[in-house]
1. What are the pairs, 6+ residues apart or on separate chains, where a residue within segment 76-88 that is within 16 Å of Ala16 (Cα to Cα) has its Cβ under 8 Å from a residue that is open to solvent by 70 Å² or more (accessible area, probe 1.4 Å)?
2. Given the conditions (1) small (Gly, Ala, Ser); (2) out of contact with any Phe, Trp or Tyr (no Cβ under 6 Å at 6 or more places or on another chain); (3) at pLDDT 95 or above, report the number of the one that Ala16 does not fulfil.
3. If we keep just the residues of segment 20-63 that are in a strand (DSSP E or B) and among the charged types (D, E, K, R), which is most open to solvent (accessible area, probe 1.4 Å)?
4. Could you grab me the full set of residues in segment 1-19 that are of a type in the set (Ser, Thr, Tyr) and assigned to a strand (DSSP E or B)?
5. Name every residue in segment 49-84 that is modelled with pLDDT of 95 or more, within 15 Å of His111 (Cβ to Cβ) and charged (D, E, K, R), in order of residue number.
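The values are calculated or read from the model by the stated rules, or taken from the named source; none is laboratory data. All figures in this text were calculated on a predicted structure; none of them were measured in a lab. Positions of Cβ are generated from backbone atoms using ideal geometry, with glycine treated the same way; all protein chains shown enter the neighbour counts. Ligands, DNA and RNA are excluded from the accessible area calculation, which covers all protein heavy atoms including side chains. Shrake-Rupley method; radii C 1.70, N 1.55, O 1.52, S 1.80 Å.
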Amino acid sequence: MITFVTFFAQDIERTAEVYRLLGLDFLSEQHGTGPLHLACASESLVLEIYPGEDVASPGVMVGLDVADLDHVRAKVLEAGVPLSRDIDPVAGMRRMIVNDPEGRKIFVREHKE
(Lines give C-alpha, C1' and ligand atoms only; values in the text may rest on other atoms or scores of the structure.)
Protein backbone atom coordinates (compact mmCIF):
# COMPACT_ATOMS: atom_id res chain seq x y z
CA MET A 1 0.00 0.00 0.00
CA ILE A 2 1.32 3.46 -0.88
CA THR A 3 1.20 5.73 2.17
CA PHE A 4 2.85 8.92 0.92
CA VAL A 5 3.89 10.70 -2.25
CA THR A 6 6.56 13.41 -2.26
CA PHE A 7 6.86 16.10 -4.90
CA PHE A 8 9.81 18.45 -5.18
CA ALA A 9 9.22 22.05 -6.21
CA GLN A 10 11.33 25.12 -6.71
CA ASP A 11 8.59 27.15 -4.98
CA ILE A 12 6.58 24.96 -2.61
CA GLU A 13 3.92 27.61 -1.90
CA ARG A 14 3.29 28.29 -5.60
CA THR A 15 2.97 24.57 -6.29
CA ALA A 16 0.74 23.97 -3.26
CA GLU A 17 -1.56 26.80 -4.36
CA VAL A 18 -2.61 24.80 -7.45
CA TYR A 19 -3.49 21.80 -5.27
CA ARG A 20 -5.33 24.10 -2.84
CA LEU A 21 -7.49 25.29 -5.75
CA LEU A 22 -8.38 21.61 -6.24
CA GLY A 23 -9.48 21.25 -2.60
CA LEU A 24 -6.36 20.05 -0.75
CA ASP A 25 -5.26 21.59 2.57
CA PHE A 26 -1.58 21.74 3.50
CA LEU A 27 0.21 22.20 6.80
CA SER A 28 3.84 23.22 7.25
CA GLU A 29 6.03 20.43 8.64
CA GLN A 30 9.63 19.79 9.50
CA HIS A 31 11.06 16.45 10.59
CA GLY A 32 14.01 17.02 12.92
CA THR A 33 16.55 19.19 11.16
CA GLY A 34 15.15 18.41 7.71
CA PRO A 35 13.75 21.04 5.37
CA LEU A 36 10.51 22.86 6.02
CA HIS A 37 7.91 21.40 3.67
CA LEU A 38 4.14 21.17 3.16
CA ALA A 39 1.97 18.11 3.79
CA CYS A 40 -1.64 17.21 3.05
CA ALA A 41 -2.94 14.12 4.83
CA SER A 42 -6.04 12.10 4.01
CA GLU A 43 -7.20 8.91 5.69
CA SER A 44 -4.54 6.73 4.08
CA LEU A 45 -2.24 8.94 2.02
CA VAL A 46 0.02 11.94 2.60
CA LEU A 47 1.05 14.26 -0.23
CA GLU A 48 4.21 16.21 0.62
CA ILE A 49 5.82 19.09 -1.26
CA TYR A 50 9.51 19.57 -0.49
CA PRO A 51 11.81 22.30 -1.76
CA GLY A 52 14.21 21.11 -4.43
CA GLU A 53 15.82 21.92 -7.73
CA ASP A 54 15.40 18.50 -9.39
CA VAL A 55 11.66 18.78 -10.03
CA ALA A 56 11.20 17.04 -13.38
CA SER A 57 8.54 14.32 -13.14
CA PRO A 58 7.92 12.99 -16.65
CA GLY A 59 5.30 10.30 -16.77
CA VAL A 60 3.74 11.23 -13.40
CA MET A 61 0.04 12.02 -13.08
CA VAL A 62 -1.89 12.53 -9.83
CA GLY A 63 -5.64 11.90 -9.66
CA LEU A 64 -8.11 13.88 -7.54
CA ASP A 65 -11.87 13.60 -7.16
CA VAL A 66 -13.94 16.77 -6.75
CA ALA A 67 -17.63 17.38 -6.11
CA ASP A 68 -18.11 20.22 -8.62
CA LEU A 69 -15.79 20.15 -11.64
CA ASP A 70 -17.23 23.35 -13.16
CA HIS A 71 -16.51 25.29 -9.97
CA VAL A 72 -12.95 23.92 -9.75
CA ARG A 73 -12.34 24.70 -13.44
CA ALA A 74 -13.43 28.31 -12.93
CA LYS A 75 -11.09 28.72 -9.94
CA VAL A 76 -8.17 27.14 -11.79
CA LEU A 77 -8.62 29.31 -14.90
CA GLU A 78 -9.09 32.46 -12.80
CA ALA A 79 -5.74 31.72 -11.14
CA GLY A 80 -4.08 31.33 -14.55
CA VAL A 81 -3.33 27.62 -14.11
CA PRO A 82 -2.98 25.90 -17.51
CA LEU A 83 -5.19 23.00 -18.56
CA SER A 84 -3.79 20.09 -20.58
CA ARG A 85 -7.31 18.91 -21.31
CA ASP A 86 -10.56 20.76 -20.75
CA ILE A 87 -13.66 19.11 -19.30
CA ASP A 88 -14.45 15.89 -21.11
CA PRO A 89 -17.33 13.50 -20.25
CA VAL A 90 -16.46 9.78 -20.29
CA ALA A 91 -17.95 6.58 -18.83
CA GLY A 92 -19.78 7.79 -15.73
CA MET A 93 -17.58 10.81 -15.01
CA ARG A 94 -16.41 14.20 -16.22
CA ARG A 95 -12.69 14.94 -16.19
CA MET A 96 -10.04 17.51 -16.98
CA ILE A 97 -6.26 17.62 -16.71
CA VAL A 98 -4.50 20.53 -14.99
CA ASN A 99 -0.75 21.30 -14.97
CA ASP A 100 1.01 22.26 -11.74
CA PRO A 101 3.86 24.83 -11.86
CA GLU A 102 6.49 22.10 -12.19
CA GLY A 103 4.71 20.50 -15.17
CA ARG A 104 3.11 17.55 -13.35
CA LYS A 105 -0.29 16.58 -14.68
CA ILE A 106 -3.30 16.43 -12.32
CA PHE A 107 -6.26 14.31 -13.45
CA VAL A 108 -9.33 15.93 -11.87
CA ARG A 109 -12.62 14.08 -12.06
CA GLU A 110 -16.23 14.40 -10.97
CA HIS A 111 -18.32 11.22 -10.82
CA LYS A 112 -21.80 11.35 -12.32
CA GLU A 113 -24.56 10.09 -10.09
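1. Close Cβ pairs (under 8 Å, with a partner that is open to solvent by 70 Å² or more (accessible area, probe 1.4 Å)) amount to Ala79/Glu17.
2. (2)
3. Restricting to residues being in a strand (DSSP E or B) and among the charged types (D, E, K, R), the top hit is Glu29.
4. Thr6
5. Of everything in segment 49-84, those that are modelled with pLDDT of 95 or more, within 15 Å of His111 (Cβ to Cβ) and charged (D, E, K, R) turn out to be Asp68, Asp70.
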